[in-house]
1. Please report Rg (one decimal) and Dmax (integer) in Å for the Cα set of the stretch 36-133.
2. Counting only Cα atoms, I'd like the Rg/Rh figure for the stretch 77-201, Kirkwood definition for Rh.
3. For the stretch 152-242, just run the numbers: alpha carbon Rg, then divide by 2.2 N^0.38 Å, N being how many residues it has.
4. Report the Cα centroid-to-centroid distance between the stretch 1-79 and the stretch 244-264 in angstrom, as an integer.
5. Could you compute the longest span of the chain free of GluC sites (Glu not before Pro) located in DSSP loops and having at most 16 other Cβ atoms within 10 Å, not counting the site residues?
6. Using the Cβ atoms and a cut-off under 9 Å, what net charge is assigned to the surroundings of Ile360, where Lys and Arg are +1 and Asp and Glu are -1?
7. With the Cα gyration tensor of the stretch 121-273 in hand, convert its eigenvalues to equivalent ellipsoid semi-axes via √(5λ) and list them largest first in whole Å.
8. If you average over every viewing direction, what projected area does the convex hull of the Cα atoms of the stretch 11-85 give, in nm²?
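The values are calculated or read from the model by the stated rules, or taken from the named source; none is laboratory data. As the structure is a prediction and not an experimental result, all values here were calculated from the model. All Cβ positions, glycine included, derive from the backbone under ideal geometry; neighbour counts span all protein chains shown. For accessibility, only protein heavy atoms count, side chains too; no ligands or nucleic acids. Shrake-Rupley method; radii C 1.70, N 1.55, O 1.52, S 1.80 Å.
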Amino acid sequence: MNKVSIVRCPDYSDTKRAIAEALELVGGLENIIHSGDSVLLKPNILSASPPERASTTHPSVVASMCEFVLRAGGKPIVGDGSGISRPGATAKALKASGIEEAAKKAGARIVNFETAGFTLADVPDPLQFRKLYLANPVLEADVVISLPKLKTHELTYYTGAVKNLFGSLPLKCRKEMHLLGKRDLFGEAVADIYSIIKPHFAVMDGIVGMEGNGPSHGNPVNSGVILASQNCVSLDIVAAEMIGFDPIKIPTTAGALKKGFGNQCPVVVGTPLKEVKMKFKPSSGGVSTAPTFLTRHLGKYFTIYPHINRRKCTRCGACYMNCSPHAIEKLEDGNFKINRERCILCYCCRELCPNNAVEIKKSLLATLLTEKENLIRKT
């Protein structure tokens, strides 16, 4: 379906009403969800930020969608993987954002992509990647619904329903995409993810968006809308235009259109687009001006890898048995070793170790940059 609905919603106290109207305008969930279907709701859980920072999907949007999934006969599952390069980041983000509590109260099951495992999948007609590791909950769900936040983005200008799928990747794959070094190449890589997952529906939290240095360091802005569509690309085209960007210049949208997804002229239903248009301040950050080969070369020196401390390890095998890419090797003496070439940085080994024997080793560059990041967050 090529329709995108826009419904006014002045604040989060009116979320459920606005989403119900937005869903109805584009056909509702009843034709998408069948009785007993597992429905993966994929919000944007970027980091451990409270809802008022507007960097994550608001918990009221997640809770409302859980309720509508249940009404349609589905079984709601809420999950994501944080974008922060440290173990335990997703668990912290789920709590800090209020999403975990809201989803549980609404009757949903919570899944943490860090610990749920990943599967290597083939990419149809690849533009940048022939194979990608994707979180098991996304691949196993009967229905996938993207719940993005309306935000600017330093790399893709705007981030929405298609870019929201980036959280389905383990951190190593995300790093490889960022090291492509160019906006258009990164957009094509995200389109490769979309060609595997292709959510059945998208509902955008545009009640309070983020402008400026998004997706995490921008400023909240009252945009007052809920958007919905059965096509993520169509929703992104309308949302980007709504906040003052040329939709076709959004790298993720351009990549998706290049692969034949979506339509450049979606039909807007509900509130006319011209009535809700506003100008978001763009991000002042973005792609480095350094040559691509230099960016990739330096990127190799930014490493954060798990390491097994043999003094603490009891050889229980929890890490070995649950490693999705089989990166943990059992040695002849009974000890375990992590093969860094195979490791995809999901940190599942660390999360599951009962003895805290999996430690994190950082390169000098990673240590310096992460310390700077922590300093910025504290200030």
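1. 14.6, 41
2. On the way: Rg = 14.2 Å, Rh = 15.1 Å.
Rg/Rh for the stretch 77-201 comes to 0.94.
3. Rg over 2.2 N^0.38 Å, computed on Cα atoms: 1.08.
4. The distance from the Cα centre of the stretch 1-79 to that of the stretch 244-264 comes to 23 Å.
5. Numbers: sites that count: Glu30, Glu332, Glu341.
The longest such stretch corresponds to 31-331.
6. Values: positive: Arg86, Arg350, Lys361, Lys362; negative: Glu359.
Value of the local net charge: +3.
7. Numbers: eigenvalues 108, 59, 44 Å².
Calculated on Cα positions only, the semi-axes equal 23, 17, 15 Å.
8. Values: hull surface 22.0 nm².
That works out to 5.5 nm².
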